Amino acid sequence: MRISLVGILSQFIIYTVFIDYFAATPEQRQTIYGLLGTEAILVLILTTLLLLKK
């Protein structure tokens, strides 16, 4: 489970710090930020479910 969380966190870092390499237009940036927001919500749900399981 830790490996997947490290992967998710690395995506946040890569897509925010190096966003210029992935997005050439403001629309592309907006799309990436939307996807990162969705991923953040999913990580929160996953973390909550894991904590409630214990």
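Which semi-axes, in whole Å and largest first, does the equivalent ellipsoid of the chain have when worked out from the alpha carbon gyration tensor as the square roots of 5 times its eigenvalues?
Here the semi-axes work out to 27, 12, 5 Å.
How many Å² of accessible area per residue for the chain, probe 1.4 Å?
On a per-residue basis, the chain sits at 85 Å².
Percent of accessible area on the chain owned by carbon and sulfur, 1.4 Å probe?
Accessible surface attributable to carbon and sulfur in the chain totals 71 percent.
Can you sort Y15, Y33 by 1.4 Å-probe accessible area, starting with the largest?
Heavy-atom accessible area, descending, gives Y33, Y15.
How much mean residue ellipticity at 222 nm does the chain get from its helices, if each DSSP H run of length 4 or more adds -39500 (n - 2.57) and you divide by all residues, to the nearest 500 deg cm²/dmol?
Counting only the DSSP helices, I get -29500 deg cm²/dmol.
Angle, helix 2-17 long axis vs. longest principal axis of the chain, Cα atoms, 0 to 90°, nearest 10?
The helix 2-17 is inclined about 20 degrees to the chain.
The values are calculated or read from the model by the stated rules, or taken from the named source; none is laboratory data. Computed from a prediction, not measured in an experiment: that's the story for all the values here. Each accessible area value is taken on the protein alone, full model and side chains, heavy atoms only, with ligands, DNA and RNA left out. Shrake-Rupley method; radii C 1.70, N 1.55, O 1.52, S 1.80 Å.
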